[in-house]
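Before any comments, here is the structure.
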Amino acid sequence: MRLSHPITTHARMTLAALVLGLGAGCTPPTQGGGATLTLPSQGEDAGTDAATGDTPPPNSETCIGVACSDGGTTNDDATGDAAVTDSAAADVTGGGLDGAALYASRCAPCHGPAAAGTSAGPALDHWHLPLAQLTTRIAGSMPPNDPTQCDQACAEAIAAWLEAKILPACAPRRRGLRLLSRREWERTVQMVLPGLGPAACQTDVDCAVQNESCVAGACVADPCGLSTFVLPDPEKKHGKVHVAGAFNGWAKTVAAGGAAMSWQPKLGAWLAKVTLQPGTWPYKFVADEQNWITDPANPDKIDDGYGGLNSVLTVACTGAANTGAQALIGKLAAGFPAEVRPSGYAFDQHAEATLVQSVHVEQQLVAAAALAKLSGAAVAQNDGCGPGTAWPACADAMVQSFGRRAFRRPLLTAEVDNYRKRITSQPDATAGAQRLVRLMLCSPHFLYRFELGSSDGLGGFTLDPWERASLLAYTLTGGPPDALLLQAAETGALSTAAGMGKEAERLLTLPHARSLLGAFALMWLGADAIAEVPKSAALYPGFDAALRAAAEAEVRRFYAYLLLDGSADVTELFTANWTFADAALAAHYGIAAGSGPTLQKVAQSPQRSGVLGMAAPLATTAHSDQSSPIRRGLFVRNQLLCHELPPPPPDAGGVPEVDPNATTKERFAQHTADPFCKGCHHAIDPVGFGFEHFDAVGGWRTLDAGKPVDAAGDMVDVAAVGAGTSAPFASLSELGAILAKSPVARDCHATWWWRFAAGGKERSEDRCAVQALHTAFAQSGGDLRKLLVLLVQQPGFVQRGPGITEAAP
Amino acid sequence: MSRRAARRKWTRRDLLRVLGGVSLAGPIASVLGEREARAAAGTAKRIIFFYFPDGVPGASQAGDKSQFHPTGSEKNFILPPVLAPLQPYQSQCVFFRGLTMGGTDSGSHPGGAKKLLTGVDGGGGRSVDQHLAQTIGKNAPFSHLYLGVQASANNASGDKYISYWSAGQTVTPIDDPHKAFALLFGGSANGVGAGTGGSGGSGDPAAAAEVAADLSVLDNAIGEVEALQAKLGAEQKVRLEAHLAGLREVEKRLKNPPQVQPQPGADCKAPVLDAKTWDAWGQNQLYDPAKFPAQLDAQMELAVLALACDLTRVVTIQCSQHTSELIMSRFAGTAMYDPNFDMRSHQASHYGAKHDPTKKEFQHFVWQRTWFVEQFAKLLAKLAARPEGNGTMLDNTVLLLCTEVSDGNTHLHHDMPMVVAGGAGGAISGGRLLQFDNHRHGDLLAGLCHAMGEKVAGYGQQSTGPLPGLLG
């Protein structure tokens, strides 16, 4: 073992492969094209070789892999090796060429005879992207040392051979049980337990306006400090009104910082919500920026020093402000352990990754007991044991009625018997309901989304109507089916694609769809850690909890608005010149916007473009004290183009030291100068450099380390096929325009939705289903709203294959 | 079965009272039924896995010598500066050279984390902590205690966790010390809004009714999960068995409640914990890097308390996560503290090709790694401070200090920085440096199992038995 050697032979070879993976601009260190190839025997312990570096991998000089642009591997879905009986597959041809022979001579030296990969080239036997991308990649960049060896016809022949002889047949997702994520659990509890769910709303006025606001379509309690001001004006005598007080320097006008109030016809009053720090705050209303009015509804007043009275508001945040049901449910949900997210899967609800442990069980018991206490009486009332009924005679009805919501299906007779027996010893209906809630909320039938299906007689399974209803509801609303959807399941309306589509259309009109879309967008962009991601307080004192919350809300509101109220055009993700902002976020962006903590649709700064310019993803893809061109470049590759690159090689450097005299771009220049780094970073850094005008919290900057920012970017390899194509851009709107034109970016967004619905990343067996969704989405003209309807109408949405069969330890 | 009292509900106030010594200066006792006070001679009674992220200043690319690995002979060796905090415990520690995790994924953080406790490439097996939990730890009220410190920060991906329930299936640690405390000492599962701490003990009918209700709930869930198992056969086997194990463990605790109550003269002495400390754990700022030291101290304290009271035999403490963004320059009162400069764990780990003390990354990296070793030493001190039998808890405990890569900059998986500590009940004698030539670390994992009385034939890949020379 040669510890002192800087890089082992293996590492160096791998790096050489990485360097050349992208083809363009790289000159492989060839040592004569006719080198004899020696392949490693399959099953050999590569570990020993690599660790010691004593045995160089085969043909390390001429054999160049596609490691940098490997589209084949996913972390969460291992697939079995494709069995290849022999290479008598010469009958598979493309364009009259012999794919088998071409593969054997051009590809097998690196990728292995059965495409299982070697240390010199990645496996291709579980390729999971559409075949067209494989063809493009082969034609454009393979073999890396001389892409001219294989033209389009050659590439098609090889891809066709791989498809026919190597890749596993396309197959449905595995059937199984999907544990509710904390987010889904919370929504399920809200909807299943009567009287606890938050009221749906469009605006704050739909809620208990004094202490609730409308957030993502549901009324939520205001956080401490968010103070409500109301000035009744039933005849609307004033043209405009604002709040002025010690907290905004007694602003005489809105322009001077006064908190504008909005006219609420429903209330016949002017309304504003303002976040105030704890303390005592004198204030007045100012009508039409001239008449100063004391708050008629507030009994607390003090002398204003001008012969009049100021109203006084005292804000005290004791930490025990909200004890309502919603806060309790949220707290209970947060008490479960974090979900396990397989690497590269953005969402919280992977179908197979999270196991129930004793810690979960403890929290299930805690939560069920607390919720039973809260809702027992309402369940009894709502579910068949109301006035005029007798306990325990009504128990059956209660079990059936509540059970249908909790389990998202009718109960079997044996289940009704079981639950009846377990609750009828309780003294009264309320106690019985409490016990029922406790029992059912800890049942696997509540805790898991069932996707088992029934046998189709051909070795596969088809989801039953109730499972379809759940899948639809959790995919599009993040919660369980509502009464109408359960009814649709019961009447057989979900047995056809048309029926599924119709229900999807209806679900998308519900407030919870808005909320789900927001959650999807936040997770897709990897921005859901925005509330907690550490930032340097010294550098960014203004990036406080309120601004973080606004940045999070912006993503949610933008995406939901685009889909449900806007054009639904996928390209607007990258090009929108509008967004949602409150006063603080608008100030962060340097744009004009209404005041107050309510987000409003505003014209975005020309410096920003769609999600590319949003503070939440910009901040979560940066370090605490500096931007990260790498992460931002990877963000574009992974999140926007579904282009996965391998992890950094062993001797990769970290973040360059913060040198006050160097710009971030200068510090990272090493990546593209060093040939070992360049292979991959050529496709990462130039993209990320285009974001250099944005600091670690997404604020605009013109100087970095005292020097003018150079934000020239290059959207290298926008087709994500491992080619070195160049597409320079000078601003985010130019980058947005490039992405808007990219079919790969469009397809990628559909892929993320496919993953979300499936609860996992695509396996090789899924490539046909993903391809079909891409095609349908393209035909819709890239309409996001239609995408969701198309998604649930795909045959694979309701088809399942046998589940995991691995043995337990 | 005599209807024993419901498990006592401990509240924060109770803990403060007991631990702070306001009214009860006496120690907290281990009175777990008839459980023996000590394990049989020659085996460790309990085990702690202590993980920190991103490696150590090991052998550098340029050939600098490791600043973590001791040099010398088996009995006569020198601890390098990073290990200096372990000096007081040198005679109770075993150090290693030449342990390898194999070449697969060498150079990768996640690849290393997957192999670390499983001994299997790609995390393709149950980790040793889970194995011990399901064997020798099975009868304890908590078969396993997996405590994290900001381990789930930034919506961690699953490969950040080091504990594997089964091949490829990680589980999530408890990052919140308040949560861990409630779980261990908070009474029955139903602690929300409850916990007057009043009558506690015996004969509280309301508490007994709560337990009876929970037991019915568990019984029902167990029946339903078993029915699903029968229906699905081998499908979903891992998921449903994990679920069942969880249900049965909680049922076991409710049926046979661990009685944790003050009892003079017993073998676990109270830690000092006041209200300020409680708040320092950062209830609403779980991922504030400044809170990290206090949170880690809390988790270690709770772990030791749980072990002392025999609530569990197996503990895994995971500090942060690999490729950690933890800003360690926010740790007040340490050498690395700098309010005007952010130095993250992973950032520092890439200090460059050589050990350059004038370079900020390297300087911080050494400080950081020394700090983690110091925390491990603190954990040893906590154990050593608790008398047990003729010695201390440390004598009956075995600990493993580990991280997922060797040198932080090269990420290699050989010459793994690992330290075994504790008297292991006599199973392992310390004060030694064991040197190997690329010996797979699964044998060390197997050796730890043997130290715990679990005689495995090996652990993970290329493991044939306990690491030669480790035991005895």
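Only the coordinates and a few stated rules stand behind these numbers; no lab work does. Owing to the predicted nature of the structure, the values given are computational and were not obtained by experimental measurement. All Cβ positions, even for glycine, are placed from backbone atoms using ideal geometry, and neighbour counts span all protein chains on display.
So here's what we get for this one:
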item: Pairwise FRET efficiency - A:W578 versus A:K266, Cβ, R0 = 35 Å, nearest 0.05; result: 0.85
item: Point-to-point label distance, A:N661-B:K359, nm (Cα→Cβ direction, 7 Å offset); result: 1.8 nm
item: Cα-based shape type of segment B:283-441, given that a ≥ b ≥ c are square roots of the gyration tensor eigenvalues and the cut on a/c is 1.5; result: oblate
item: Out-of-range pairs (alpha-carbon distance over 32 Å; input A:K761/B:K231; A:K236/A:K301; B:K45/B:K354; A:K502/A:K601; B:K160/B:K291); result: B:K45/B:K354
item: 5 angstrom amide H check on A:R174, placed H, neighbours 5+ away; result: A:G801
item: Gain in span if fully extended, A:T775 to A:L539, counting 0.36 nm per residue against the direct Cα distance; result: 80.3 nm
item: Pairwise label distance in nanometres, A:T413 with A:D565, each label 7 Å out on the Cα-Cβ vector; result: 5.2 nm
item: Pairs of Cα atoms farther than 17 Å apart, segment A:674-758, %; result: 57 percent
item: For segment A:582-646: Kirkwood Rh in Å [reciprocal of mean 1/r, alpha carbons]; result: 13.3 Å
item: Spin-label proximity, A:A378 to segment A:326-350 - amide N less than 19 Å from point 7 Å beyond Cα toward beta carbon; result: A:326-334
item: Loop-located chymotrypsin sites (Phe, Trp or Tyr not before Pro) in segment B:300-400 whose Cβ has at most 15 other Cβ within 10 Å (DSSP); result: B:Y337
item: Hits among aspartates and glutamates - C-alpha to C-alpha of A:K165 under 16 Å, sequence gap 8 or more where chains match; result: A:D81, A:D86, A:D91, A:D98, A:D125, A:E156, A:E765
item: Three semi-axes of the equivalent ellipsoid, segment B:65-132, Cα gyration tensor, whole Å, largest first; result: 28, 15, 10
item: Sparse-neighbourhood loop sites, trypsin sites (Lys or Arg not before Pro) in segment A:227-259 - DSSP loop, at most 10 other Cβ within 10 angstrom; result: A:K237
item: Qualifying trypsin sites (Lys or Arg not before Pro) in segment A:500-578, DSSP loop, other Cβ atoms within 10 Å at most 13; result: none
item: Of every Cα-Cα pair in segment A:404-560, the percent that sits beyond 26 Å; result: 49 percent
item: Modelled FRET efficiency - R0 41 Å, A:A592 with A:Q487, Cβ distances, 0.05 increments; result: 0.30
item: For B:N155, distant residues with modelled amide H under 5 Å away; result: none
item: Global form of segment A:705-809, assessed from the alpha-carbon gyration tensor, a/c cut-off 1.5; result: prolate
item: Gain in span if fully extended, A:T280 to A:D428, counting 0.36 nm per residue against the direct Cα distance; result: 48.4 nm
item: Label-point separation in nm, A:S105 to A:A669, each point 7 Å along Cα→Cβ; result: 4.6 nm
item: Förster radius 35 Å - calculated FRET efficiency between A:A730 and A:W292, Cβ distance, rounded to 0.05; result: 0.10
